[in-house]
Amino acid sequence: MRVRALLFDLDRTLVDVQSVTDYAAARLDAEAVAGDLVPPEVPGTDWTPDTVASMALLVACAGHPRWAAVSAAIEEHERAAVAGSTAMPGLAEAWRESDGVPRAVVTLLTEDVTRRVLARHGVAGADRVPVLGREAGRRPKPAPDGLLAACVRLGVRPEDAVMIGDSTWDLEAARAAGTGFVGVPVTAGSMPPGTTLAADLLDAVRVALGD
């Protein structure tokens with residue numbers, strides 16, 4: 001298969017925002033506005049329990065009138081973490097190596113926070129790359145909606161794209177969308193056996209492109 005597009009997760013794939021985000025406080029703030037919305041079962045992952053709970057609330061309220069308030073409550077804490085975020089190993093090299101391939105960022109963060117993070121870390125040309133962040137009317141990962149929307153924006157079929165991400169949420173979204181997948185897990189053993197894995201982000205790009 002000739003890969004025609006790369007879809008990148010943001011958090012802990014390109015840049016680590018999660019480690020400096022106060023998701024304990026975000027969870028409390030989000031639960032206060034979520035009311036009686038019950039988080040669904042979500043894929044197991046190596047995120048902190050508060051991070052998982054916060055993201056599960058976003059999944060629970062997709063399409064619900066309370067979505068904007070829940071998202072905003074969490075986003076406040078994510079935006080505060082931008083200054084303390086750190087680039088993942090191989091970011092600059094991987095971004096340069098994938099420069100000739102159409103790219104998009106598909107993330108559970110909002111587009112605004114994502115663009116702030118990419119700008120802070122000097123990711124060249126990132127302002128011209130489509131960002132499919134969480135937004136009203138589009139189900140977040142592990143649903144495939146963001147990946148499918150990214151493929152439409154890039155003008156490629158899902159089967160001609162590869163998602164690069166750190167978590168089972170990325171993996172399940174890729175499977176549901178019909179894209180390829182290369183994992184760059186932060187924690188060894190956090191992805192199912194048989195998943196295509198890479199040592200770091202640069203290696204992931206090379207594996208995805210068949211280099």
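Every read-out reported here was derived from the displayed coordinates using simple, explicitly stated rules and does not represent laboratory data. Everything quoted here is computed from the prediction, not taken from an experiment. FYI the Cβ positions are ideal-geometry reconstructions off the backbone, even for glycines, and counts take in every protein chain you see.
So for region 18-82, what are the equivalent ellipsoid semi-axes in whole Å, largest first, each being the square root of 5 times an eigenvalue of the Cα gyration tensor?
Details: eigenvalues 61, 43, 16 Å².
Value: 17, 15, 9 Å, ordered largest first.
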* To do: With springs only between Cα atoms under 10 Å apart, run a GNM on the chain and tell me which of VAL17, VAL152, VAL184 wobbles the most.
  => VAL152
* Asked: Quick one: net charge of ASP112's neighbours, Cβ under 12 Å, K/R +1, D/E -1?
  -> -1
* Asked: If you line up the long axis of helix 67-80 against the longest principal axis of the chain, both from Cα atoms, how many degrees apart are they, to the nearest 10?
  -> 70 degrees
* ³J(HN,Hα) across region 141-156 via Karplus (A = 6.51, B = -1.76, C = 1.60, θ = phi - 60°), whole Hz, x for Gly/Pro? -> 3, x, 5, x, 4, x, 5, 5, 5, 5, 4, 5, 4, 8, x, 10
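Counting each DSSP H run of 4 or more residues in the chain as -39500 (n - 2.57), what helix-only mean residue ellipticity at 222 nm follows after dividing by all residues, to the nearest 500 deg cm²/dmol? Please list the in-between numbers first.
Details: 8 runs with 84 residues, N = 211.
The helix-only estimate for the chain comes to -12000 deg cm²/dmol at 222 nm.
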* Structure fact -> Residues whose built amide H sits under 5 Å from the amide H of MET163, excluding neighbours closer than 5 in sequence, are LEU7, GLY180, PHE181, VAL182
* Give me the distance between the Cα centres of region 39-57 and region 93-167, rounded to whole Å. => 21 Å
* Structure fact -> per DSSP, antiparallel bridges as share of beta bridges in the chain, % nearest 5, sits at 15 percent
* At 0.36 nm per residue, minus the direct Cα-Cα distance, what do GLU159 and ALA136 gain on full extension? Give it in nm, one decimal, please. => 5.7 nm
* Asked: Which far-off residues, 5 or more places away or on another chain, put their amide H under 5 Å from the one on LEU108, with H placed in the peptide plane?
  -> LEU10, ASP11
* What are the residues whose amide H is under 5 Å from the amide H of LEU197, where those residues sit 5 or more places off or on another chain and H is modelled from the backbone? -> GLY183
* Structure fact -> With x for Gly and Pro, the residue-by-residue ³J(HN,Hα) of region 157-164, computed from phi through the Karplus equation 6.51 cos²θ - 1.76 cosθ + 1.60 at θ = phi - 60° and given in whole Hz, is 7, x, 5, 9, 10, 10, 8, 10
